[in-house]
1. Would you list the helices (runs of 4 or more DSSP H) that sit entirely within region B:158-258 and hold 2 or more residues that are under 18 Å from B:Val377 (Cβ atoms)?
2. Output yes when any residue across region B:16-30 is open to solvent by 100 Å² or more (accessible area, probe 1.4 Å), under 30 Å from B:Asn446 (Cα atoms) and within 9 Å of chain A (Cβ to nearest Cβ), and no when none is.
3. Name the residue, out of A:Ala205, A:Ala239, that is part of a helix (DSSP H, G or I), aliphatic (A, V, I, L, M) and at the interface with chain B (Cβ under 10 Å from one of its Cβ atoms).
4. Pairs, please: C-beta under 6 Å, at least 6 apart or cross-chain, first residue at the interface with chain A (Cβ under 8 Å from one of its Cβ atoms) and in region B:457-484, second open to solvent by 90 Å² or more (accessible area, probe 1.4 Å)?
5. Considering only residues of region A:28-40 that are more than 8 Å from chain B (Cβ to nearest Cβ) and touching a residue at least 12 places away in the same chain (Cβ under 8 Å), which is most open to solvent (accessible area, probe 1.4 Å)?
6. Kindly state which helices (runs of 4 or more DSSP H) lie completely within region A:122-197 and contain at least 3 residues that are in contact (Cβ under 8 Å) with a residue 12 or more places away in the chain and either under 18 Å from A:Lys110 (Cα atoms) or open to solvent by 50 Å² or more (accessible area, probe 1.4 Å) (or both).
7. Restricting attention to region A:216-235, and to residues there that are surrounded by 22 or more Cβ atoms within 10 Å (Cβ to Cβ) and among the hydrophobic types (A, V, I, L, M, F, W, C), which single residue is farthest from the other protein chains (Cβ to nearest Cβ)?
8. If you go through region B:284-306 one residue at a time, do you hit one that is open to solvent by 30 Å² or more (accessible area, probe 1.4 Å), of a type outside the set (Lys, Arg) and assigned to a helix (DSSP H, G or I)?
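The values are calculated or read from the model by the stated rules, or taken from the named source; none is laboratory data. Note that the structure is a prediction, hence the values are computed from the model and not measured. Note that each Cβ is placed from the backbone with ideal geometry, even for glycine, and that neighbours are counted across all protein chains shown. The area values use the complete protein model at the heavy-atom level, side chains included, leaving out ligands, DNA and RNA. Shrake-Rupley method; radii C 1.70, N 1.55, O 1.52, S 1.80 Å.
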Amino acid sequence: MTETTVTGKTKTPLTKVWFVYKRELTSYFLSPLAYVTLAMFLLISGYFFALILLATQFAEMRGALANMGMIFMFMAPVLTMRLLADERRMGTDELLLTAPLSVADIVVGKYLAVVSVFAVGLLLTGLYPWFLVQYGNPDLVQIASGYLGLLLVGCTFLAVGLFASSLSDNQMVAGLIAFGLLLLLWLCGWAGDTIGGTLGSIFTAVSVMDRFIDFRRGIIDTAHIIFYLSYIAVFIYLAVRAVERRRWS
Amino acid sequence: MELINKIREFASDLIRARRLRYGLNAVILTVAIVGVIVMGNVVANDYRLRWDVTRSAQHTLSELTMQVINSLDSEARITAFLHEDSALTPRIRDLLEEYAQRSRFIRLVVIDPERDPSQAKAYGITARDTAVFEYQGRKQYVPMSQVFHLDQSVGLFEFTGEQAFTHALMTVIRDEDRVIYFTEGHSEYSPYEDVLAFRRGLEFEGFTVRTVNLGREGEIPEDAVAIVIAGPERDFDKKEIDLLKDYIDDNGRLVALIDPSMEHGDLPRLKGLLAYLGIEIDDCLVVDPTRAYFMDPFSPIPYMEYHEITEGLVRHNLSVVLPYARSLRKVEDHDSDFRVRRLLWASEQAWGETDLGGTIDLDDDDLLPPLWLGAVVNRVLPREPDQHEDEPDPIQPVAVVIGNSSFVLDEVIEFQGNRDLILNIVNYLAEDEQRVSIRPKDPEFNQVFMSRDQASKMFYTTVFGLPGVVLLTGLIVWLRRRTL
């Protein structure tokens, strides 16, 4: 379904998403938030990476990547809290919602923008494997596999954060909800380990951090990839529904 | 007026109903979608593609292992007791995880014996890290000492985990009893009276324990995985010795625990059997004034050779005490394919007392160090045609001889490492002929080489440099916006 814009260009669904994406991404990189959050992420990740490297003297990133995952769990709510919450508060959502954009376009576009911010952070951590190559003989494919896992895990966290921000007008509240949800997800892994039996295995099966381990070990499993994409899809869907509900009330 | 109100009421009722329906629809739709996604994942779990992209394919299981795993048809449980802080644990854990991932019948539980001592106790695990394989009521214990071999010639650790685990799996899948026979008829210790703890320890590890009176039965039972001679006081007769010799020649395994005796010429035929293996036992009582149990010089605490048998003991700093022991030695110029190695020995201040009358001190008749208290006998196997000349000869366990048997008595076995020592000895000998041969993977212990300067540079760049650059960029952007 294409529409004609003011400038006479036809708008396909893809360009609509692109429009939202560009707008949101620009907004991120013009505000201090992205820089401060990324800097903090890099500071703590770098610290752990350096510490582990100096202590073990191994040319690998299994421990570092695991830590980066945990650190990002705290950063994700910070990045996502403004995504859907502040539009309403600032009144700009009226503009968006009356424009010829569907809720899905908006949500997906914003999601992709925050994912891009995350991706930039990941790219910058490329410095770590670079150091490993300088001073050792790391298995780069194994490291790449670990990064793939980290990317999927991070995108999952961001999708959860996105959903949280769709639930509230207040950024703080959105951030807290996101953090709470992520903590619950993290606890699933722990619960799976402590509780035995079928209940325990269910917890392990839905645990986000457990499957990350295989990627760090250098194993790429289609079941894991589908798992993460499923989580992302579900939370994006839920976010869309939540925003739609707000639109109609 | 009333009509308008009625219409208003009706309209708002309608809107509310629609809202409710819309809300309900949304919930049902959401549940349905989540349900579909969950089902999709369940399917994806069963029909998955799994690639090991590591350089050394360290997570890829061999064909043989896959065959064994695929032959399972009911639940196989692997309970791994691993200390969290051990450097070896991640590697072992990874490998066991791979076994579990490759078969829906394998269930893996990893327990830290320090965090959960009750579970460890339930399985009879003391100090050594162990993986327990259970299948259809059969059990097999794999101590982690079997999983890492220090190849002393090269100084490299060889990880033979897959070999050990697949072998254990094969053993529990096989529906055969693994029986340890204690000889009787010469006043040996009985597994039903004197060494109950030893017997229970063996049973815990999946062995069946029985006794055999060789003189009466005239043959060694077919299902004997190893024979234990525990503290005989009378000699064996020729027939029995011949049976044992044939058994050993036919890949039999022997544990000989022989107590000291002052009589020269005691147990001559048994001594003959040990000589056949390349071991000569001395007629003496070892006195060690410096390394002994509570300063009782007749209960030496031996030094231990670093070996599969003693690895766990050395690592956990456990001692062994041999109350009343005799020394033994390698037979010089023994021409056979048996290779004898020292396992336990007394300190340099010890001596082998040959005369218990009068005062106990070192005199001319007594034996001087080196005094071995325990030895391992291996058989050297013919080399494989494709074996590299630097690789050591392939060997096979044959026997372990200790100059003391009371260390396995119920009253003494609980001392520090005694129990582990004897169980390790039996396990070491009891590995069977179907030695699974899976080439160990090269350990990927990738070292990093950094000078202090380089390490410093790395630290500051990653911790301060990178975030600094990001903050700087942010600052520039912010400043530019302000001046716009």
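1. In region B:158-258, the matching helices (runs of 4 or more DSSP H) lie at B:238-249.
2. Checking region B:16-30: not a single residue is open to solvent by 100 Å² or more (accessible area, probe 1.4 Å), under 30 Å from B:Asn446 (Cα atoms) and within 9 Å of chain A (Cβ to nearest Cβ).
3. A:Ala205
4. Taking only residues 6 or more apart or on different chains, the pairs are B:Val463/A:Tyr47.
5. In this case the residue turns out to be A:Leu33.
6. A:140-165, A:171-194
7. Per the criteria, the residue is A:Phe235.
8. No, every residue in region B:284-306 fails to be open to solvent by 30 Å² or more (accessible area, probe 1.4 Å), of a type outside the set (Lys, Arg) and assigned to a helix (DSSP H, G or I).
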